Amino acid sequence: MSSFTVTSGNTLRCKGWRQEALLRMLENVLAVGENPSELVVYAAMGKAARDKASHSAIVSTLQTMDEDQTLVIQSGKPIGLFRTHKDAPLVVMANCNMLGQWAKAENFYEYEKQNLICWGGLTAGAWQYIGSQGVIQGTYEILSRIAEKHFHNSLKGKFFLTAGLGGMGGAQPLAGVMAHASTLVVEVNQASIDKRKAIGFLEHQAKDLDEALALIKTSIESGKPTSVAVLGNAADVFPEILARGIVPDVVTDQTAAHDLVYGYVPSGFTLEEVQQLRRTDIPRLMSLSRQSIVKHVEAMLGFQDKGAVVFDNGNLIRSHAHDGGVTRAFDIPVFTEAYLRPLFCRAIGPFRWVSLVNNPEDILKIDELLLRRFGDNPIIKNWIALAGKHVPFEGLPAVLPGSGTVTGLNWPVR
Ligand code: NAD
């Protein structure tokens, strides 16, 4: 298996730059991923390749294939190499496509156990993940949209409540502070809190909910943004905050709720007990997770009823709550529909550039170019300034300049 460090410089290990680029992107998603030794990039099970043998075969094929060949990858496993032509894609892949009656969580775990499929997330299996920097921008963008739509363009002095500090969710405290919010994140795993604190994405860990709420109150009153994490289960802490009569301004959740077995942790269970259930009783664990999600989403609806801006952050929490009997679960809007679709309707969408030779100077030049071309666009201007200050490069230097970028421009090819 190739190493998970990032390759630098101009030396090719493949027969051309296109193959080398894909190899470097594959290495990069693992270098910045959550659990590279298991090929996991993020979201509990989002993988770069189906298994270690598939990964090795993909790496060696990329190193030996010609530019007029196409490698076909089916759910993380390479299944064929075909002679095509120089303008054809080098790799075509599809991840975990399950249709109709088979598209059920139970089937997913069964097929995954049999090593027939793997889940590629949105960018993990496609080797496009650039670390937290991408999701920081996405979260910042959504919070900026919320500020624009509901709070006269600013989240200063506003209470943003969320949960989950994993591969994606770990961006929330930093993005919250960048958007000037007073941000509280509930996280059940101390290791996830430690990781985000160590890289500077999170400012404080409170010893309990009382201290967390006190820190948030001080931040709201002073208008100085902060981020606070509290160790606990969101299915317990969200209802507790609601019961105390405290209503945050903005509420979401980014626990790995899409995955009832390997992602979401049900309330009342330690991480060790959950590990044990993963090995011994998956149906029970799924049912326990669903019951917790019901409590969790009922609290989110409670906040919404009291006037909070509540949204689903793309983790299927509403669907599982609905399956568990919360008939109003879909009263909570999903972020794509509420905040991103209006941008896509205006042909505005996110782009990302990566310096394949691992040179941060490349990104600075792209930043300059973006500012020259879009200097009158406040979203791009703010993001580039904020990212330069707050967002460290992870893995290969990359830039995701924000959904202020207009599609269809003729960018220089590097
Ligand atoms: P992850 O598995 O890396 O992290 C999830 C975190 O949630 C872990 O730290 C875990 O300990 C914590 N957690 C689990 N159950 C909890 C509970 N009940 N209470 C408190 N904390 C709990 O996952 P991730 O990569 O951070 O992704 C999170 C979710 O976001 C996934 O469902 C993923 O599909 C979704 N997602 C959204 C977007 C987006 O653009 N909005 C993009 C990618 C992924």
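Table for the structure above
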item	result
Search result, residues across region 293-332 that are open to solvent by 50 Å² or more (accessible area, probe 1.4 Å) and within 25 Å of GLY138 (Cβ to Cβ)	GLY314, LEU316, HIS322, PHE330, ASP331
Subset of region 333-350 [touching a Leu at 6+ places or on another chain (Cβ under 8 Å) and buried (at least 16 other Cβ atoms within 10 Å of the Cβ)]	PRO350
Odd one out for THR252, checked against (1) out of contact with any Pro (no Cβ under 8 Å at 6 or more places or on another chain); (2) open to solvent by 10 Å² or more (accessible area, probe 1.4 Å); (3) among the polar types (S, T, N, Q); (4) within 16 Å of the ligand (Cβ to nearest atom)	(2)
Positions within region 316-363 being assigned to a helix (DSSP H, G or I) and within 13 Å of the ligand (Cβ to nearest atom), in sequence order	ILE317, ARG318, SER319, HIS320, ALA321, PHE335, THR336, GLU337, ALA338, TYR339, LEU340
Unmet requirement for ARG279, which otherwise passes all of (1) surrounded by fewer than 19 Cβ atoms within 10 Å (Cβ to Cβ); (2) touching a Gly at 6+ places or on another chain (Cβ under 6 Å); (3) closer than 24 Å to VAL261 by Cβ	(2)
Cross-chain or 6+ apart pairs with Cβ under 7 Å, region 75-101 first and within 20 Å of ASN115 (Cα to Cα), then modelled with pLDDT of 95 or more and open to solvent by 40 Å² or more (accessible area, probe 1.4 Å)	ALA94/GLN74
The lone exception for GLY268 - which of (1) more than 10 Å from the ligand (Cβ to nearest atom); (2) under 17 Å from ALA163 (Cα atoms); (3) part of a helix (DSSP H, G or I); (4) open to solvent by 40 Å² or more (accessible area, probe 1.4 Å) it fails	(3)
Residues (over 30 Å from VAL250 (Cα atoms) and open to solvent by 30 Å² or more (accessible area, probe 1.4 Å)) located in region 120-143	ALA126
Residues located in region 366-389, provided they are open to solvent by 40 Å² or more (accessible area, probe 1.4 Å) and within 24 Å of the chain's Cα centre (by Cα)	ILE379, LYS381, ASN382, ALA385, GLY388, LYS389
Single unsatisfied condition, VAL177 versus (1) of a type outside the set (D, E, K, R); (2) under 23 Å from ALA299 (Cβ atoms); (3) in contact with a strand residue (DSSP E or B) (Cβ under 9 Å, 6 or more places away or on another chain)	(2)
Tally of residues being surrounded by 16 or more Cβ atoms within 10 Å (Cβ to Cβ) and under 19 Å from ILE136 (Cα atoms) across region 356-365	1
Qualifying residue in region 39-60 (condition: under 25 Å from the mean Cα position of the chain (by Cα) and loosely packed, with under 13 Cβ neighbours inside 10 Å)	yes
Residue ID - nearest to HIS150 (Cα to Cα), chosen from residues in region 283-330 that are within 23 Å of the chain's Cα centre (by Cα) and among the charged types (D, E, K, R)	ASP312
Residues that are at negative phi and in contact (Cβ under 8 Å) with a residue 60 or more places away in the chain, drawn from region 195-218	ILE199, PHE201
Where LEU99 falls short, out of the listed (1) surrounded by 14 or more Cβ atoms within 10 Å (Cβ to Cβ); (2) closer than 24 Å to ALA257 by Cα	(1)
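The values are calculated or read from the model by the stated rules, or taken from the named source; none is laboratory data. The structure displayed is predicted, hence computed values, not measured ones. Every residue, glycine among them, receives a Cβ derived from its backbone with ideal geometry; neighbour counts consider all protein chains shown. Calculation scope for accessible area: heavy atoms of the full protein, side chains included, ligands and nucleic acids excluded. Shrake-Rupley method; radii C 1.70, N 1.55, O 1.52, S 1.80 Å.
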